[in-house]
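A quick write-up on the structure given underneath.
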Amino acid sequence: MTDTLSMETVDLAAVSLRDLNAGLHAMKGRSGHVRVLNPRGAHSLAAGLDADLTVEVDGDVGYYCAGMNKRARVLVRGSAGPGLAENMMSGLVHVTGDASQAAGATGCGGLLVVDGNTSARCGISMKGIDIVVKGSIGPMSAFMAQAGSLVVFGDTGDALGDSIYEAKLFVRGTPKSLGADCVEKPMEDHHRAALFALLEKAGAAHAVDVGSFRRYGSARTLYHFHVDNASAY
Amino acid sequence: MCGIVGLFLKDKSLEPELGRYLAAMLEVMTDRGPDSAGFAVYGDGRIGLTKITVRLPKGADATVLTDKVGDALATGISAAVRGSHVVLQVPEDRVEEALAAIATVEPGAAVTSVGNAMEVYKEVGLPADVAVAFGLPQMRGTHGIGHTRMATESAVTTDGAHPYSTGPDQCLVHNGSLSNHNLVRRRLIREGIDFRTENDTEVAAGFLSWRLREGDQLGDALEASLKELDGFFTFVVGTETGFGVLRDPIACKPAVMAETDRYVAFGSEYKALTVLPGIETARIFEPEPATVYFWDRAA
């Protein structure tokens, strides 16, 4: 791998995934630009990066792509399997296709953009990551979501935001149902401004009208044990 | 873990290639299940004849079994030996007699399937080795399902390998684990369902067999399993004319599907689908939780 901004191309039909990831990890503290060909659903591609890197992947990826990402920008021209950008700390992960289950799960920071749809549990237990999905998301999304924003241009599946803490959910379509303790909240000017700023970061500021989103969040009734709820456990 | 694959052909010209594609998909799923592998292939049936697929114990002679079952039925029967299994074709109205004869002639034999079109093969070992041992790449057919097992709920044995037959031309493969299988097994034993193993998936198969015996259609039987079976599951069931998919309400276990004009395919991971022709432009989607899906030739 180079330590300059020149582009290097790695063909996974010829190079092993382990060698590719080891090379990317060796870039720690440096900058670079790498293009990956023929991923064919490989797992853990570009996971654990910690560098000022741009990684472009031409094709579909498997589980845990860009997991634990720090600082790097990972672009996937294709779809991603379960656990995309799981536990991301910072940086940008952008998928042009769809993402499977648990996209952005437990993410602490950074921005995840999915141009297509995601399936179940998008943003589960998110802890500060921002997620923008231009399509729809599956059931049980934002379950126990703690911090950060989840923006959905389309609809959501059942039980959106079940047992949510302080994450902010913005949905332009219709949630099929809201989970326990998740409620619609008023959308005020400062919410619209914050949403616009986030969409600007995601390169989608003028794609949609921020006025067309509704806001959902925690009713905060599950924060403390209440004896009336004892039978629910 | 465990890996599941399924392939249902719409385009007849792909039928000679069914086994080759299924074998390639199975091999990709080795990471998810290196302990054992099995598959069901739905091939050409012959009118008036039923296929009985039998797994022979080590050292047993397929010719002897075939001859003795033929003698018992007082008719010549055709047999095809594939690895440790033999497929006997018997008159469709004499299946019970043939099964009784097999049990008498070779008590150690296990009947893996009975059906007009379906043949089920399974064995311990790496999926690629199992596929080659049975000549899967050379098999033709209309549809097939396969399974690679990473054992969790019961031992690594051939009896613990999938698919499990649930009735004539019907089988089940499973990714997940059932937590109430002992309770359900005891109930089903009282209902007269037989079990060979301590395996949780065999209970799911037995549950479906029981519901079908009681008059349910397969779709209703699958719906009933959502109520009665507790645990994680993605099921793929094969029938004479198609296959169905069901995931538990939490959808813990992965499932991805691809559809083109030529086929419908199922994989535990997208990786397994990448061996198929035209996958780059296929419609890729994930089945919803607690929803019964069917692809059927007759429909």
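Here are the numbers for the structure shown:
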quantity	calculated
Meets criteria (farther than 16 Å from B:F8 by Cα and within 21 Å of the chain's Cα centre (by Cα)) for B:P289	no
Flag for B:G278 being surrounded by fewer than 17 Cβ atoms within 10 Å (Cβ to Cβ), of a type in the set (G, A, S) and either over 19 Å from the mean Cα position of the chain (by Cα) or within 14 Å of another protein chain (Cβ to nearest Cβ) (or both)	yes
Of all residues making up the range A:58-98, the number that are part of a strand (DSSP E or B), within 14 Å of chain B (Cβ to nearest Cβ) and of a type outside the set (G, A, S)	5
Residue within the range B:256-268 that is part of a strand (DSSP E or B), surrounded by fewer than 21 Cβ atoms within 10 Å (Cβ to Cβ) and modelled with pLDDT under 95 present	no
Boolean, A:G128 is away from chain B (no Cβ under 14 Å), assigned to a loop (DSSP other than H, G, I, E, B), over 26 Å from B:L273 (Cβ atoms) and in contact (Cβ under 8 Å) with a residue 12 or more places away in the chain	no
Subset of the range A:43-60 [surrounded by 24 or more Cβ atoms within 10 Å (Cβ to Cβ) and modelled with pLDDT under 95]	A:D60
Extreme residue, nearest to the other protein chains (Cβ to nearest Cβ), among residues of the range B:283-299 that are under 18 Å from B:K12 (Cα atoms) and either of a type in the set (K, R) or part of a loop (DSSP other than H, G, I, E, B) (or both)	B:A299
Residue in the range A:102-117 that is polar (S, T, N, Q), under 11 Å from the mean Cα position of the chain (by Cα) and assigned to a loop (DSSP other than H, G, I, E, B) present	yes
Candidates B:Y270, B:Y263, filtered to the one that is more than 11 Å from chain A (Cβ to nearest Cβ) and of a type in the set (F, W, Y)	B:Y263
Qualifying position, being in contact with a Lys or Arg (Cβ under 8 Å, 6 or more places away or on another chain), of a type in the set (K, R) and surrounded by 18 or more Cβ atoms within 10 Å (Cβ to Cβ), among B:R32, B:R55	B:R55
Within the range A:164-179, tally of residues that are under 21 Å from A:G138 (Cβ atoms) and exposed (fewer than 14 other Cβ atoms within 10 Å of the Cβ)	2
Residues (in a helix (DSSP H, G or I) and crowded, with 18+ Cβ neighbours inside 10 Å) located in the range A:192-229	A:L195, A:L198, A:L199, A:V210
Qualifying residue in the range A:114-124 (condition: surrounded by fewer than 22 Cβ atoms within 10 Å (Cβ to Cβ) and within 23 Å of A:A219 (Cβ to Cβ))	yes
Selection count where residues are part of a loop (DSSP other than H, G, I, E, B), more than 12 Å from chain B (Cβ to nearest Cβ) and touching a Cys at 6+ places or on another chain (Cβ under 9 Å), scope the range A:45-57	2
Unique residue being touching a Cys at 6+ places or on another chain (Cβ under 7 Å) and away from every other protein chain (no Cβ under 14 Å) when the list is B:G219, B:G238	B:G238
Qualifying residue in the range B:243-255 (condition: under 18 Å from A:H43 (Cβ atoms) and either surrounded by 23 or more Cβ atoms within 10 Å (Cβ to Cβ) or not assigned by TED's automatic domain parsing to the domain that holds B:E202 (or both))	yes
Criterion (in contact with a Lys or Arg (Cβ under 8 Å, 6 or more places away or on another chain), surrounded by fewer than 16 Cβ atoms within 10 Å (Cβ to Cβ) and on the phi < 0 side of the Ramachandran plot) met by exactly one of B:D230, B:D216, B:D194, B:D220	B:D220
Only one of A:G128, A:G157 that is surrounded by fewer than 24 Cβ atoms within 10 Å (Cβ to Cβ) and on the phi < 0 side of the Ramachandran plot	A:G157
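Per-residue answers, yes or no, for (1) closer than 18 Å to A:V133 by Cβ; (2) without any contact (Cβ under 8 Å) to a residue 40 or more places away in the chain; (3) more than 20 Å from the chain's Cα centre (by Cα); (4) away from chain B (no Cβ under 14 Å):
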| residue | (1), (2), (3), (4) |
| --- | --- |
| A:G154 | yes, yes, no, yes |
| A:V171 | yes, no, no, yes |
| A:K176 | yes, yes, yes, no |
| A:K185 | no, yes, yes, yes |
| A:E188 | no, yes, yes, yes |
| A:R192 | no, yes, yes, yes |
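Let's see how each residue does on (1) in contact (Cβ under 8 Å) with a residue 12 or more places away in the chain; (2) among the polar types (S, T, N, Q):
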site: B:P137; (1), (2): yes, no
site: B:G141; (1), (2): yes, no
site: B:S165; (1), (2): yes, yes
site: B:L172; (1), (2): yes, no
site: B:E214; (1), (2): no, no
site: B:P254; (1), (2): yes, no
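The values are calculated or read from the model by the stated rules, or taken from the named source; none is laboratory data. Keep in mind it's a predicted model, so treat the numbers as computed, not measured. All Cβ positions, even for glycine, are placed from backbone atoms using ideal geometry, and neighbour counts span all protein chains on display.
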